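Below you'll find the structure, written out as structure tokens, and then a few comments.
The values are calculated or read from the model by the stated rules, or taken from the named source; none is laboratory data. In this text the structure is predicted, and so the values were computed from the model without any measurement. Neighbour counts run over all protein chains shown; Cβ positions are idealised from the backbone, glycine included.
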């Protein structure tokens, strides 16, 4: 064999070598081309093509750049490459809905995208330059883009105070607070109030076991004016705060037995003045008179009643207290009398003010409630043994704790339950792996999880302890929005510095004023230095606004200043001494330094007053909103008694800049000259209600 | 190379054509150059060409896979968020599966150390130098020892309820023992098993065991290292 | 066509520059072929001649070669990836994102590196088993087998240290599980784990240590041992040819 | 000589085809999110819900605080002030009246009040109470609820100079 043969290569090997070399070269040549087909390059080309076909090409392409664009804000931890594809966000000419995404301009909002980036508000993955990675939940990114309907959730991450620009967020927070979610969960920005549900220690005094049984079945059924179980309840009105727990009849019987068995001192029946009882017992119009009194005292400012109007059952009245349509079938008469007399004895933290009742009024109203606000059929279908069995009581006790009742309701001698549900203060930041989807068929993503968990807790976990809440239309979305805003402590230092904390001022009233303030629960409706309700006017500057004698009179006999208001100050029957104390305090303490009451004003002349009248009626046509006597608009307050009511300095200041005194007032800020202001003030201070006018005002007047 | 030692010098190939290559071989070594010239080919180009082809094929496969399969990337490392189950890289999942059965000191330390020692020691025990079939000689004593050791192992696995190991071991041992009873010259498959040596059986057992444990650890273990079916 | 191509090639190879690099004319005789192997730094780890039977695919399946080529691919892609990588948390993770979304061919490089790493573990294992079944560990190859076992361990350790570098959940928890196994070693376990991680928990220190191990120490050890491994193949007389191969 | 071009062309075709599939699949996976920042029922048909964007929602808020009293037939407090006014102000969704008025005109009359635009002095000037952006938002809201629906005028160059 020739030695040269040792180097000879067979044809087969040659062929394999040739083929593999060719493929090798192809593959090496092709591999780098993958980059050309990146999604972002596709969108760059598309944008260029779109801009090319428009009249404003030059402007659109002025800062076009073929590479990757990004917004980089290291202190916000923002590296947002969204603008690589969303190239038109700053182009005002691309606002039309006809412009295809991702090129449409961003609507103008207070935060400029170039300063804040995109993911701070929208979430999603700013690093990504691929559609799916940027928008959806992926293995490498668990926080998808927030749907626009929930985007207000991210406003709440920094803005811990409610902002008017984010109505859904504010509504969601209000609902969460209103439904006492804080009873079981830790929540961001919400503190546990002193009382959530009523104290149940003495419930035996208040109601019957049958009623408790029925209430536990579905608290909403009691609000139905027709006696039918209505699944929707009053969808558009407020629901009872009590949610529906999943309990069977045995459990309900046990719980009601347990609650009714609490050893409490039975209240002594109130002894009415025998003359009053004797006089009114036989009167045929006793109940009607009671109803009139009930109306006059404006119970409906806080409580609602079901009323049939035009064939439809509607709830009329406020939502601060419970709805009362069937309360007569619920409460015991002796309890009702003692409650009306002094609610703070039964529920010290409750919101019900302590009225000053005359025996007569109390007798009449009590009869009205027990007679008219009842439903004889309400408890007809409740079948439970009369006597509570010992084992029922025992299992009721167990259930009370298992269901977490103690989170909201207190029973003397039982330990309050705390942190019954999971901590939700960082729920909006939870990653998919922290959520328990169970066997539920839904996208593995925080948003559908929250939606179905809140709407129907058992849809996610069949053994959920969470009860069933019912939301008005749209409120579910608001609650999800608010839950998404709870992202816990911000770890990014830049964002941490941006958090605008919710200042929740506490207003403590001391002394005699404090006692009356607490007795009449003024803070439930009025606001004092930032603390309190928003139903009625803010009283922080009441001393600057109103004259002291007027306040005294008003407290004794409240009148309505705004004709359109349905919620009116109740008739508390304030004593003279209390009226004096309250008015003194309001006039002296509740002042703003914008209005100088001590400044000397020259006396107004009658010429000024008539010039003011001219301005009022002709030039500025104030009567379009304000009423004087019976003529004029409904929007602003009735000015018929302005001279007695308002301080001169206040009127002057008000005409200068109303929003400076009451920021959310809708009084238009006009540019009055100094003369005009003086003239209008001069006119307004002449408006003093005389005896003859008093009769024509329907809601009473000053005495 | 001191003068007083004797070496036998030999030439490995055709002196005139091949590069000079001197080999010193002492009398005591067993290594000998077996110069069967006909059997040989030049490395250049035969080996070199084949290696290039191998490299090209490898690159083609790798590049194509890299184009269409993206390396996984999960979320940012978070010590507070433990995935369930937390799994090691796939080549350690057999070990992790062992940890499920045996105490950590056995599965985590003893077994890996024994495996490494075993692998290192293989060439130094002339068990398989001749590749002698297991049942060639001293058949009965070997069978007794073999069965004894297998039974001890099975008991050990049984005590720890390591059933996947138990079953696999039992099947392989049964196949090995089957070779003892089968007379020579039957079907080719049985003949194949009969002619296997002891190290062959050991290594095969090891490889099958490692594969099964790795597959179980990779595909059949879910939350809390419980058994799950991968298609569910 | 063929003639002109050959003459072009010839002219190309007779070029002064070419000759300055390669010195020799194309190998056409066994002598020049031997010199081609012998006189080349990269090829001289190969024997000049091999037995024809060892060329058969079934003799090796090229598993050793594949392992080596994968190591080469890993080194090249690894060096390129190092240009983009910072061994710091969480920058390391952001670098992964950049590789994926911004760097040209970044994701391709990472895919290639990751694939090759997995393939190398497989190839090395397979290579070892194949060598075992062919009896490749038998004298005079005993020590080369031991080197091979060490190379296997190095491969596993290289792959394992690389596993942490992306600093994602997968990496973090895989390394947690792995290093927990180390701590089961009596007495030595905890200190060894501490040494490896630079602390009691996996953090930046661990990332840096794994990075240095992955990019410097282990590859260097690997290169030295691979060289030794190849050298020994040649010195131990080439691939083992089984008697069954001889008979055929 | 033909090899390189053939290789390149076939490579390009192959990659283009494969990448083309890739593009499509990821684009169809992504479901666009719900676009509504807020919503308002159609005043003439409460079953119909109109989606509002950010600006329109801000306008909605300001409308319901400042304008609703006179420019709607019902108010949050119940009766409307409309009946007290002469001439009667138009309803905010009255497209027949408002659609023909330009954005600039509406912006002016809200800012400066009725008397400045030779209309009823009962319309007060809001320029000092509301910011220009807020007034723009109110107009956007009014346009969104208009019945018959408001059609944007044909694009003019002035649109680009805005802002």
Handout entry: Filter result for residue B:204 (in contact with a helix residue (DSSP H, G or I) (Cβ under 9 Å, 6 or more places away or on another chain) and either under 24 Å from residue B:118 (Cα atoms) or modelled with pLDDT under 90 (or both))
Key = yes
Handout entry: Flag for residue C:123 being assigned to a helix (DSSP H, G or I) and either closer than 30 Å to residue A:79 by Cβ or not assigned by TED's automatic domain parsing to the domain that holds residue C:228 (or both)
Key = no
Exercise for the section: Check C:97, C:91, C:49 and return the single one that is in contact with a strand residue (DSSP E or B) (Cβ under 9 Å, 6 or more places away or on another chain) and either more than 10 Å from chain A (Cβ to nearest Cβ) or within 19 Å of residue B:43 (Cβ to Cβ) (or both). Expected result: C:49
Completion exercise
When residue A:661 is run through (1) closer than 22 Å to residue D:70 by Cβ; (2) within 14 Å of chain D (Cβ to nearest Cβ), the failure sits at (1)
Handout entry: Qualifying positions in the stretch C:56-74 - part of a helix (DSSP H, G or I) and touching a helix residue (DSSP H, G or I) at 6+ places or on another chain (Cβ under 6 Å)
Key = C:63, C:64, C:65, C:66, C:67, C:69, C:70, C:73, C:74
Problem - Single match in A:88, A:67 (criterion: over 18 Å from residue C:97 (Cβ atoms) and either modelled with pLDDT of 85 or more or not in a helix (DSSP H, G or I) (or both)) - result: A:88
Exercise for the section: Scan the stretch A:666-688 residue by residue and report those that are crowded, with 18+ Cβ neighbours inside 10 Å and within 37 Å of the chain's Cα centre (by Cα). Expected result: A:666, A:667, A:668, A:669, A:670
Problem - Restricting the stretch A:373-399 to residues that are in a helix (DSSP H, G or I) and either within 19 Å of residue A:204 (Cβ to Cβ) or assigned by TED's automatic domain parsing to the domain that holds residue A:329 (or both), the residue that is farthest from the chain's Cα centre (by Cα) - result: A:390
Fill in the blank from the handout: Expected single match for over 30 Å from residue A:38 (Cβ atoms), within 10 Å of chain C (Cβ to nearest Cβ), in a helix (DSSP H, G or I) and modelled with pLDDT under 90 among B:123, B:141, B:112 is B:123
Exercise for the section: Would you mind finding the one in A:559, A:621, A:608, A:571 that is buried (at least 18 other Cβ atoms within 10 Å of the Cβ) and at positive phi? Expected result: A:621
Handout entry: Residue that is surrounded by the fewest Cβ atoms within 10 Å (Cβ to Cβ) [pool: residues in the stretch C:123-148 that are within 7 Å of chain B (Cβ to nearest Cβ), under 22 Å from residue B:205 (Cβ atoms) and in contact (Cβ under 8 Å) with a residue 40 or more places away in the chain]
Key = C:138
Problem - Selected residue (only one of A:167, A:147 is in contact with a strand residue (DSSP E or B) (Cβ under 9 Å, 6 or more places away or on another chain), farther than 30 Å from residue C:167 by Cβ and at the interface with chain D (Cβ under 8 Å from one of its Cβ atoms)) - result: A:167
Problem - Which listed residue is more than 7 Å from chain C (Cβ to nearest Cβ), crowded, with 19+ Cβ neighbours inside 10 Å and either over 21 Å from the mean Cα position of the chain (by Cα) or touching a residue at least 12 places away in the same chain (Cβ under 8 Å) (or both), from B:73, B:93 - result: B:93
Fill in the blank from the handout: Per the filter on the stretch A:98-124, residues closer than 18 Å to residue D:58 by Cβ and assigned to a loop (DSSP other than H, G, I, E, B) are A:105, A:106, A:107, A:108, A:109, A:110, A:111, A:112
Practice task
Examine the stretch A:498-518 for a residue that is in a helix (DSSP H, G or I) and farther than 30 Å from residue A:297 by Cα, and state whether such a residue exists.
Solution key: yes
Practice task
Go through the stretch C:193-207 and count every residue that is out of contact with any helix residue (DSSP H, G or I) (no Cβ under 7 Å at 6 or more places or on another chain), part of a helix (DSSP H, G or I) and either within 14 Å of chain B (Cβ to nearest Cβ) or under 17 Å from residue C:92 (Cβ atoms) (or both).
Solution key: 1
Completion exercise
Only one of (1) part of a helix (DSSP H, G or I); (2) at the interface with another protein chain (Cβ under 9 Å from one of its Cβ atoms) does not apply to residue A:50, and that is (2)
Handout entry: Considering residues of the stretch D:68-87 that are more than 9 Å from chain A (Cβ to nearest Cβ) and buried (at least 19 other Cβ atoms within 10 Å of the Cβ) only, the residue nearest to residue A:633 (Cα to Cα)
Key = D:82
Exercise for the section: Might you let me know whether the stretch C:154-168 holds any residue that is within 8 Å of another protein chain (Cβ to nearest Cβ) and surrounded by fewer than 21 Cβ atoms within 10 Å (Cβ to Cβ)? Expected result: yes
Handout entry: Check on residue A:153, closer than 30 Å to residue A:332 by Cβ, at pLDDT 90 or above and either in contact with a strand residue (DSSP E or B) (Cβ under 7 Å, 6 or more places away or on another chain) or surrounded by 19 or more Cβ atoms within 10 Å (Cβ to Cβ) (or both)
Key = no
Exercise for the section: Scan (1) part of a helix (DSSP H, G or I); (2) surrounded by 19 or more Cβ atoms within 10 Å (Cβ to Cβ); (3) more than 34 Å from the chain's Cα centre (by Cα); (4) within 14 Å of chain D (Cβ to nearest Cβ) for the single condition residue A:41 breaks and write down its number. Expected result: (2)
Practice task
Please list, ordered by first then second residue, the pairs with beta carbon atoms under 7 Å, 6 or more apart or interchain, first in the stretch A:553-567 and within 12 Å of residue A:636 (Cα to Cα), second at pLDDT 90 or above.
Solution key: none
Handout entry: residue A:324, sole failed condition from (1) without any contact (Cβ under 8 Å) to a residue 60 or more places away in the chain; (2) outside any loop (DSSP other than H, G, I, E, B)
Key = (2)
Practice task
Select from the stretch A:141-150 the residues that are closer than 28 Å to residue C:93 by Cβ and in contact (Cβ under 8 Å) with a residue 60 or more places away in the chain and write down the one among them that is nearest to the chain's Cα centre (by Cα).
Solution key: A:150
Problem - Subset of the stretch A:53-85 (residues that are within 12 Å of chain D (Cβ to nearest Cβ) and under 22 Å from residue C:111 (Cβ atoms)) - result: none
Practice task
Just one of (1) free of Cβ contacts under 8 Å to residues at least 24 places away in the same chain; (2) within 9 Å of chain A (Cβ to nearest Cβ); (3) within 25 Å of residue A:633 (Cβ to Cβ) trips up residue D:90, so point out which.
Solution key: (2)
Practice task
Go through the stretch C:77-116 residue by residue and tally those that are in contact (Cβ under 8 Å) with a residue 60 or more places away in the chain and within 20 Å of residue A:66 (Cα to Cα).
Solution key: 0
